[in-house]
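K.L.:
Please see the structure below; I have some questions.
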Amino acid sequence: LDDWKETTAVRLGHMECLVEDGDENSNSNITFLYTLGEGVCPKSFGINVARLAGLPEEVLNIAEQKSRAFEEELSSGAAALSEEEMLIKELTSAVEAGDVAKAECLWGKMRQNN
């Protein structure tokens, strides 16, 4: 998302919905409003959509478990960028800043890793 935040031709949006009969940890009743809201969606409702599509309950339970584990991983910071992603990010920053020496050094590290 950060790559696109300054681009005026790209905006974040989400389908607005009403959430009833439950909290974030239970099977809520979701009604999609067919309107586009500004910004990112505060929560993913993919499992609810899968339920509406008639996927088997066993598949939904597995998806919920994996989703919870992923959210916990993100909130704990365990989903850090890989070494290669970090090098690419640093290289991009160095190039944007015009720091040729740092860019060359980082490029060398990337070539060694591959």
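K.L.:
Return the subset of LYS5/LYS102; LYS66/LYS109; LYS5/LYS89; LYS43/LYS66 for which the Cα-Cα distance in this structure is over 27 Å, preserving the input order.
P.N.:
Table pairs above 27 Å Cα-Cα are LYS66/LYS109.
K.L.:
Projected onto the charge dipole of the chain (+1 at Lys/Arg Cβ, -1 at Asp/Glu Cβ, origin at the Cα centre), which of TRP107, THR92, LEU12 gives the Cα projection farthest towards the positive end?
P.N.:
With unit charges placed on the Cβ atoms, the residue in question is TRP107.
K.L.:
Given the -39500 (n - 2.57) contribution per DSSP H run of 4+ residues, what per-residue ellipticity at 222 nm results for the chain, rounded to the nearest 500 deg cm²/dmol?
P.N.:
Taken over the chain, the calculation gives -16000 deg cm²/dmol.
K.L.:
Compute the projected area of the convex hull of the Cα atoms of the chain, averaged over all viewing directions, and report it in nm² to one decimal place.
P.N.:
Over all viewing directions, the chain projects a mean Cα-hull area of 10.8 nm².
K.L.:
Another one. Using Cα springs under 10 Å in a Gaussian network model of the chain, which residue among ALA53, ALA69, ALA103 shows the largest mean-square fluctuation?
P.N.:
Taking springs between Cα atoms under 10 Å, the residue moving most is ALA103.
K.L.:
At a 1.4 Å probe, what is the % contribution of carbon and sulfur to the accessible area of the chain?
P.N.:
Using a 1.4 Å probe with all protein chains present, the chain comes out at 54 percent carbon and sulfur.
K.L.:
Can you work out the accessible area per residue across the chain, with the rest of the protein chains kept in place, probe 1.4 Å, in square angstrom?
P.N.:
Roughly 81 Å² per residue, with all protein chains present.
K.L.:
For the peptides 2-8, 86-92, what is the packing order when you average, over each peptide's residues, the other Cβ atoms within 10 Å and list the highest mean first?
P.N.:
Descending mean neighbour count gives 86-92, 2-8.
The values are calculated or read from the model by the stated rules, or taken from the named source; none is laboratory data. Everything numeric here is computed off the predicted structure, so don't read it as measured data. When we count neighbours, we look across all protein chains shown, and the Cβ atoms used for this are built from the backbone with ideal geometry, even at glycine. Only protein heavy atoms, including side chains, enter the accessible area calculation; ligands, DNA and RNA are left aside. Shrake-Rupley method; radii C 1.70, N 1.55, O 1.52, S 1.80 Å.
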